[in-house]
1. Using each residue's phi in segment 64-73, evaluate 6.51 cos²θ - 1.76 cosθ + 1.60 at θ = phi - 60° and report the 3J(HN,Hα) Karplus result to the nearest Hz, with x for Gly and Pro.
2. Can you give the accessible area per residue of the chain, in Å², using a 1.4 Å probe?
3. Considering the values (i) 1.03; (ii) 1.62; (iii) 1.26, which represents Cα Rg over 2.2 N^0.38 Å as calculated for the structure under consideration?
4. Considering amide H positions built from the backbone, and no H for Pro or chain starts, which residues 5 or more places from LEU15, or on another chain, come under 5 Å of its amide H?
Amino acid sequence: MSRAALKMETVWLRLRDYAIVPLKIRLTDRMTELTHVLKKGVQALPDARRTNFYDVELENGWAYVHVRDDARTVYVIAITGA
């Protein structure tokens, strides 16, 4: 997918008052960076197959998250990279 196409499909996530919860204990070491970008605001790529699931670009990788607006919670499914 081209960078231009990717930009057109992105959404802006800024989730200041949301709890950010890793679904696996091994994900906790990368939570600081993810928490920072989600609270500051970041472009994210929605999952075309699942509602409210997003890929979020980090400095050295990606995070896959599920946003529950009704619970004001972000569930961290996976984090890749260093």
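The values are calculated or read from the model by the stated rules, or taken from the named source; none is laboratory data. Since the structure is predicted, the reported quantities are computational estimates derived from the model, not experimental observations. With ligands, DNA and RNA removed, areas are computed over all heavy atoms of the protein, side chains included. Shrake-Rupley method; radii C 1.70, N 1.55, O 1.52, S 1.80 Å.
1. 10, 10, 10, 9, 10, 4, 5, 9, 6, 9
2. The answer is 67 Å² per residue.
3. Given (i) 1.03; (ii) 1.62; (iii) 1.26, the calculated one carries the label (i).
4. Correct list: LYS39, GLY41.
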